[in-house]
Amino acid sequence: MKNFTFMRLSLWVYLAIFFAYLLGPLVIMSATAFNSPSFPRMTPWECLTFEWFSALFQDERILNGIWNSILVGAGTVVLSVAMGLAGALMLTQIWPKLRATYYTVIIAPILIPGVVLGISTLVFWDRINRMLGLGADSFLSNGLFLTIIGQSTFIASYCMLVLVARLQRYDIALTEAALDLGATHAQAFRKVLLPFMRPALASAAVLAFLASFENYNTTTFTFGEYPTLTIELAQKVRYGITPAISALAFIIVVLTVFAALFNEASIRRKQLVAEARKKATVEELESGKLRLPGFLSSNAAAVALVVVACATVAVVGTATVYSPAQCIADVQEQKRLETEERIQELRRQRELRRQQQLEEQGDAAPAQTAPSTGSGNNSGFGGVFAPGSLSGDGEAAPEAEQEPQGNSSGFGNIFDPNALSGDGEDSGSGN
Amino acid sequence: MSAGVGVNLENLWIRFGDFVAVRDANVNINGGDFFSFLGPSGCGKTTILRAVSGFLEPSDGKVLIGGNDMKGIGPNKRPTALIFQNLALFPLMKIWENITFSMEIKGASAKERRKRADELLDMIALPGQGDKLPSELSGGQRQRVAIARALCAEPDVLLLDEPLSALDLKLRQHMRTELREIQQRVGITFIYITHDQGEALTMSDNIAVMKAGVIDQIGDGKTIYNDPSTAFAASFVGENNVFRGKVKRIMGEEALIQTNRSGELVARISSANQGRMKEGDAAMMFIRPEAFALAPAGASGDHFVTAKVNHEEFEGNVFNIFMEGDGGKELKVSIPNLGQSFEDHTGQNITLEYETKNAVIVPAGELAAE
Ligand SMILES: Nc1ncnc2c1ncn2[C@@H]1O[C@H](COP(=O)(O)OP(=O)(O)OP(=O)(O)O)[C@@H](O)[C@H]1O
Ligand SMILES: [Mg+2]
């Protein structure tokens, strides 16, 4: 019994750690979007601010990147879903005998590194472009075109996998029934197969868009004049990171949560409606008097959706009237004071040290102990140190102490690039 | 009854690779007939139906509908409607949309479609169920919807692929009568596929008995039942007792058979085999369980059979006696229950007699698997 509770407890602990691992970076990243320091950080918390959001929306390159990503995403969705559907139809219906071979061929792009796909797309279309005798500014060397084509090479395979799963549950007799009732092949496809495939097509489209949106390594070779968001982020990150990027990550997280809740809520709603219809009598169905369950009734996801929506509206409302100027001014004032104090401290220390050195030079060895203890106390280190090494230690200590504060006061930018690459990756995977 | 459109199969062959699914089928189906293909599972019934509806091109031979060769004409251009073995109702469409799919194809307005759907729903006794989804109906209701959907296309020939096989016995029997009624009302040709001989006999004007891709016999129910032309047809349609042997003497329409177990017996040669059997041929004689009567003990002759009783059972309307028979199979006798008293014969030898016109002789051949 005890063992059992222990097991359960450790399971919960494990889950907590697991989710912290998964979601922790996102949560921290999101929080930094609301903190005022110009380097994304959660502690020390200085001022609640929304300025990074307005900074984000004023950054031309990011906006342009988002727009390009949407263009590329839309193109990739259309192309990949179409190719994926064609591939899936071939796999399940037209060439059942060549299935295994065909499957391998179609799946291969997923296994090939994106970098290779990017390079080969570039090389291949460049060749074709030259063969056709077109110039460097032709359609075939357009960044938008190349990126869509390059990404679709492997995203189409993802789509196909999603679609095949659904197609395998399709009864080919349905198409035959439609044909038998006089439909042309096109009509049978449009009126019977396509509606059946709709949920899978929607999933494939979402998957394709997300895969396209977050793609970096293929796009990096093909983007040309159309840098996508990931490309822009990567370039920006080279010159330093601001919480504006956290703000972007936060927006993406919120949109994802919305989409997930909406999806969940509509699935649940469909189930409820189906149940209600099953229970309904003929008269109710006929007279249209069937009372369908309300949108919110016994639908936790819908409730959550509404709550999140309300919260969003509230936050946006607050943001438009809220001004952190006073807080930021206070913090700056405080920082200024701190800095001054520190400078004075440093001066005092330097003074002490100079005196010490003078004494050392001027006096004999026995006199060494007393002043050195004093200086040790002064800098916060007790007399534990050996007198001889004291001067060296004394120098190192203030520096070490200064390190974190230096960042906050804008001195320590040397450390940014280090922290930055890590954070940059976070935002990438957050997409 | 020849108002409708007839269907003819001429020397029809259908092969899948090396496998012959239908071998040289020749069938004439009159317009307005209820015609059944009867045969065990896997004998090629669905294949024939698919060739008629246009999903399969014959490897050889012709399919004619209303006298026109259907070669190269797709299923959507043929005047046929097929009711699939698994019904194939469109799962995402409501019942009324399902039923009127053929009208939607032709561009009919939703209002017209609704109206027609309501008429057909009345006909199949499902009024007001048009707004349900197929998954919300019972098996028998779905069955009827499939029929309505096919009829809505106003086909000249309705093809039904074992439509009742998924239903329970009660419903199956009810649907038999219903189908027959519908057929008589609309007056079009029905081609019906089944492996259930009861269905075929009760509903059909004519029946084709099939075995492994070959059509053994075509005829109306009574002919098939009383006058089978092959051992397979005799053993597949209804219960039958087989006596194996050799033809000893031909006597006009009758013949004397030297049976393996029961001595020399006389029987009628089936019509299809008249004049085709010679003395010395391996033959099979079939006698239905209900064609036997109890004979006085010890009676012997060319229409008496004596055997040991294995066990007996009382079935209500009949009294069944199972006796040691030919080739390890039991000989079954059914005596109608007319209120007489039955004594237990288990373990005893008893003697049975039959009228020679009720026993048929066919050339020896493969029997239907039980
Ligand atoms: N597409 C195909 N390819 C290869 N063989 C096939 C194909 N379709 C059917 N067959 C074979 O043809 C034979 C007849 O099949 P068919 O479907 O016509 O049987 P059936 O009489 O309808 O049986 P059931 O009563 O079980 O439906 C079977 O042996 C089957 O394996
Ligand atoms: Mg079949």
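Taking Cα centroids, how far is segment B:221-250 from segment B:57-90 in Å?
34 Å
Assuming R0 = 60 Å, what is the FRET efficiency of A:PHE124 and A:LYS335, from their Cβ-Cβ distance, to the nearest 0.05?
It comes out at approximately 0.60.
May I ask for the accessible area buried between chains B and A, both sides summed, probe 1.4 Å, to the nearest 100 Å²?
For chain B against chain A, roughly 2300 Å² becomes buried.
Please give the length that would be gained between A:LEU194 and A:ARG342 if that part of the chain were fully extended, namely 0.36 nm times their separation in residues minus their C-alpha to C-alpha distance (nm, one decimal).
Difference between extended and current length: 46.1 nm.
Count, for each residue of B:93-101, the Cβ atoms from other chains sitting within 10 Å of its Cβ, then give me the mean as a whole number.
Per residue, the average neighbour count from other chains is 2.
How far is the Cα center of segment A:189-227 from the Cα center of segment B:6-23, in Å?
Segment A:189-227 and segment B:6-23 have Cα centres spaced 46 Å from each other.
Near the amide H of B:LYS211, under 5 Å away, which other amide H atoms are found, from residues 5 or more places off or on another chain, if H is placed in the peptide plane?
B:ASP216
For B:ASP18 and A:GLN271, FRET efficiency with R0 = 45 Å and r from the beta-carbon atoms, rounded to 0.05?
After rounding, the FRET efficiency stands at 0.35.
Evaluate the Debye formula for the protein assembly as shown with equal point scatterers sitting on the alpha carbons, no solvent, and hand back log10 of I(q)/I(0) at q = 0.09 Å⁻¹, in q order, two decimals.
The computed values of log10 I(q)/I(0) come out as -1.06.
Tell me, what HN-Hα J-couplings in whole Hz come from the Karplus equation 6.51 cos²θ - 1.76 cosθ + 1.60 at θ = phi - 60° for each residue of segment A:20-34, using x for Gly and Pro?
Whole-Hz 3J(HN,Hα) from phi for segment A:20-34: 4, 5, 5, 9, x, x, 5, 4, 5, 4, 4, 5, 5, 5, 10.
Starting from the amide H of A:ASN35, placed 1.01 Å from N in the peptide plane, find each other amide H under 5 Å away whose residue is 5 or more places distant or on another chain.
The answer is A:THR49.
Averaged per residue, what accessible area in Å² does segment B:239-363 show with a 1.4 Å probe, protein chains only?
50 Å²
Rounded to the nearest Å, what's the spacing between the alpha carbon centres of segment B:326-349 and segment A:51-129? Just the number, please.
About 78 Å separates the Cα centre of segment B:326-349 from the one of segment A:51-129.
In whole Å, what are the extents of chain B along the principal axes defined by its C-alpha atoms, from largest to smallest?
79, 47, 37
What FRET efficiency comes out for B:ASP60 versus B:GLN258 if R0 is 45 angstrom and r is the Cβ-Cβ distance? Round to the nearest 0.05.
0.60
What percentage of the solvent-accessible surface of segment B:7-226, computed with a 1.4 Å probe over protein heavy atoms, is contributed by carbon and sulfur atoms?
48 percent
Could you give the angle, 0 to 90 degrees to the nearest 10, between helix B:139-152's Cα long axis and the longest principal axis of the Cα atoms of chain B?
Taking Cα atoms only, the helix is inclined about 60 degrees.
Given labels modelled 7 Å from the Cα in the Cβ direction, how far is it in nm from A:ILE28 to A:VAL116?
3.5 nm
Select from segment B:166-224 those GluC sites (Glu not before Pro) which occupy a DSSP coil region and have at most 16 other Cβ atoms within 10 Å, ordered by residue number.
none
Just flag the chymotrypsin sites (Phe, Trp or Tyr not before Pro) in segment A:225-282 sitting in loop per DSSP whose Cβ has no more than 16 other Cβ atoms within 10 Å.
A:TYR239
For segment A:41-139, what is the accessible area per residue in Å² when the probe is 1.4 Å?
60 Å²
Quick check: net charge around B:PHE322, other residues with Cβ under 11 Å of its Cβ, Lys/Arg +1 and Asp/Glu -1?
So the environment of B:PHE322 carries a net charge of -1.
Give me P(r) over segment A:59-240, computed from all C-alpha to C-alpha distances, binned every 5 Å, as integer percentages.
1, 8, 15, 16, 16, 14, 11, 8, 6, 3, 1, 0, 0, 0
Which residue, B:GLY130, B:LEU164, B:THR47, has the largest displacement toward the positive end of the dipole of segment B:7-226 when charges sit on each Cβ (Lys, Arg +1; Asp, Glu -1)?
Of B:GLY130, B:LEU164, B:THR47, it is B:GLY130.
Through the Karplus equation 6.51 cos²θ - 1.76 cosθ + 1.60, θ set to phi - 60°, convert the phi angles of segment A:191-204 into ³J(HN,Hα) values in whole Hz; use x for Gly and Pro.
8, 10, 5, 4, x, 5, 7, 3, x, 5, 5, 5, 4, 4
Between 0 and 90 degrees, rounded to the nearest ten: what's the tilt of helix B:169-186 against the longest Cα principal axis of chain B?
60 degrees
For segment B:283-370, what ratio Rg/Rh do Cα atoms give with a Kirkwood hydrodynamic radius?
0.96
Can you send over the carbon and sulfur percentage of the accessible area for segment B:239-363, probe radius 1.4 Å, protein chains only?
Carbon with sulfur: 47 percent of the solvent-accessible area.
Could you do me a favour and compute the accessible area per residue for segment B:1-48, 1.4 Å probe, result in Å²?
Heavy-atom SASA per residue in segment B:1-48 reads 43 Å².
Compute the accessible area of each residue in segment A:180-200 twice, once for its chain alone and once with every protein chain present, using a 1.4 Å probe on heavy atoms, and list those whose area falls by at least 40 Å².
With the partner chains in place, segment A:180-200 has these residues losing at least 40 Å²: A:ASP180, A:LEU181, A:LYS191.
Does anything in segment B:150-174 have its amide N under 13 Å from the 7 Å Cα→Cβ label point of B:SER138, and if so which residues?
Counting backbone N atoms under 13 Å from the label point, the list is B:167-174.
Within 10 Å of each Cβ in peptide B:135-148, how many partner chain Cβ atoms are there on average? Round it to a whole number, please.
1
Using label points projected 7 Å from each Cα along Cα→Cβ, tell me how many nm separate A:ALA165 and A:THR5, to one decimal.
A separation of 4.0 nm, rounded to one decimal place.
When Cβ neighbours within 10 Å are restricted to other protein chains, what is their mean count per residue of peptide B:81-87?
Average per residue, whole number: 4.
Can you pull out the trypsin sites (Lys or Arg not before Pro) in segment B:144-243 whose DSSP state is coil and whose Cβ has at most 14 other Cβ atoms within 10 Å?
none
Name the residues whose placed amide hydrogens come within less than 5 Å of the amide hydrogen of B:TYR192, ignoring near sequence neighbours (fewer than 5 apart) on the same chain.
Amide H neighbours of B:TYR192, under 5 Å, 5+ apart: B:PHE35, B:SER36, B:PHE37, B:LEU160.
Could you give the angle, 0 to 90 degrees to the nearest 10, between helix B:110-123's Cα long axis and the longest principal axis of the Cα atoms of chain B?
20 degrees
Please report, as a whole percent, how much of the solvent-accessible surface of segment A:34-134 comes from carbon and sulfur atoms (probe radius 1.4 Å).
Within segment A:34-134, the accessible surface is 73 percent carbon and sulfur.
The values are calculated or read from the model by the stated rules, or taken from the named source; none is laboratory data. The structure displayed is predicted, hence computed values, not measured ones. Ideal geometry is used to build each Cβ from the backbone, glycine not excepted, and the neighbour counts take in all protein chains shown. Areas reflect the complete protein model, heavy atoms only, side chains present, ligands, DNA and RNA absent. Shrake-Rupley method; radii C 1.70, N 1.55, O 1.52, S 1.80 Å.
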